[in-house]
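The values are calculated or read from the model by the stated rules, or taken from the named source; none is laboratory data. Predicted model only: the values in this text are computed from it and were never measured. Cβ placement follows ideal geometry from the backbone for every residue including glycine, while neighbour counts extend to all protein chains displayed. What goes into the accessible areas is simple: the full protein's heavy atoms, side chains included, and nothing from ligands, DNA or RNA. Shrake-Rupley method; radii C 1.70, N 1.55, O 1.52, S 1.80 Å.
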Amino acid sequence: MSLLALERKNISDRFTEKEKTKRIIKWIRRSDSKLRKRFSFLKHQDAIGFGITIGSAFGMIVLGSLYIMNIIPFWVCIIGNGIFASFLHEMEHDLIHSIYFKENPKMQNFLFWMVWLFRANTVNPWFRKEIHLLHHKLSGNIEDIEERFISNGMPWGIRRILVMIDPIMAVVLQGPKIRKDAIRYLAKIKAKPIKGPYRLVYLLLWYSFLIWGMISLINWSLGSPIQETGTTAYIHNFLNTAAVVYLIPCWLRQSAIQIVSSNMHYYGDVKSLYQQTQVLDSWWILPLHLFCFNFGATHGIHHFVVTQPFYLRQAVAPKVKPFLKKYGIRFNDFESMTRANRYQKEAMDGIAIPA
């Protein structure tokens, strides 16, 4: 073990988890405060949040329009809109914590509509707000509805992969267990999980695109491609265009963050805030981080200080992450995937895993 690693281990062992948590929170807030003092424009937090929301939505419209006009290739549109959608996700998350327009619920609701309609494959923000705030209270526990719905705590295998990448399979495979385990908390949620037809329309278009594409691919591989004309050709062209402009970018963003989030949160034996998350910043996660705004590398910071806007969290991360490591927060603990996200590293042979 190197001298630096030994020093970090000694520092980490010198304090209790509660003391380390206090020191981490203090360091994050100190780094945040120094940045705010250095850049005075950061005091206009509401305006920044509003600008990011409108700018990202407008960016998706522009890229979609450029693709439809054959000015940019499909892959530029998909990647660009996936990134813009990730900004909107971060804005939704900040709005859930009332980081913007705290005294203006009408503006908050307007922004909720904006961030949702441009990523309508998610549950509506009003419902997500309640399950996300519950997540912070019960992170890593059996009642953590939000994380369990994206596979946190499930053993690795085809079932978990399906839950991470497909919303219907998440409901089918995890829904009954979660309803049973968290019935007391679900009963207290006031917002309805279904609000309008928007998510249903997205899913209808998404699965139509997938099924149609699969049938076409099978026929093409068998040497008898489907000859499409008239209305059939028009509908298929519409689905393909919608997929590039909206459906695939939203699916990419959602899948990326669900894969990262479900594996950076610990589950099942979490006893404190200190044990809730790890830091995932390995280079091979970069393709996923492209579509979820570096989530795995920075979300742990949010668990310690929830009132920080996402762009400031990213800005202070280079100074904060070495401090997290110094006080024993785990980095790139990929072995946790083989433990169904358990925090403890002891062998789990013969131990039932309630997912």
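Taking all Cα pairs closer than 8 Å and separated by 6 or more residues, the relative contact order of the chain comes to 26 percent.
What the Cα atoms of the chain give is an Rg and a Dmax of 21.8, 74 Å.
How big is the gap, in Å, between the Cα center of region 128-150 and the Cα center of region 36-66? Centre-to-centre distance over Cα atoms comes out at 28 Å. Packing around the peptides 176-188, 248-260, 110-122, 325-337, taken as the average count of other Cβ atoms within 10 Å per residue, puts them in this order, highest first: 248-260, 110-122, 325-337, 176-188. Screening the chain for whole DSSP H helices with an alpha carbon extent of at least 15 angstrom along the helix axis and a mean Kyte-Doolittle hydropathy of at least 0.5 yields 45-68, 74-96, 105-117, 198-221. Using the rule -39500 (n - 2.57) for each DSSP H run of four or more residues, divided by the residues of the chain, the 222 nm mean residue ellipticity is -20500 deg cm²/dmol. Checking the Cα-Cα distances for Lys102/Lys319; Lys34/Lys102; Lys180/Lys321; Lys22/Lys177 against a 32 Å cut-off, the pairs over it are Lys180/Lys321; Lys22/Lys177. Label zone (Phe238, point 7 Å along Cα-to-C-beta; backbone nitrogen cut-off 14 Å) within region 183-216: 201-202, 204-206, 208-209.
Carbon-plus-sulfur accessible fraction, the chain (probe radius 1.4 Å, protein heavy atoms only): 66%. Taking amide H positions as modeled 1.01 Å from N, with prolines and chain starts lacking one, the residues under 5 Å from Ala340 and 5 or more places away or on another chain are Trp156. Evaluated at q = 0.15, 0.16, 0.20 Å⁻¹, the base-10 log of the normalised Debye intensity for region 27-128, with identical point scatterers placed on the Cα atoms, takes the values -0.70, -0.77, -1.00. Distant-in-sequence amide contacts of Cys292, defined by a placed amide H-H separation under 5 Å and a gap of 5 or more residues or a different chain, comprise nothing.
Converting phi to 3J(HN,Hα) with the Karplus coefficients 6.51, -1.76 and 1.60 and the offset θ = phi - 60°, region 272-282 yields 7, 4, 4, 9, 6, 9, 10, 10, 10, 9, 4 Hz in sequence order, with x at every glycine or proline. Under a 5 Å amide H cut-off, with hydrogens placed 1.01 Å from N, Asp333 pairs with Val279 among residues at least 5 apart or on other chains.
The label-point distance for Arg14 and Thr231, in a model that sets each label 7 Å from Cα toward Cβ, rounds to 7.6 nm.
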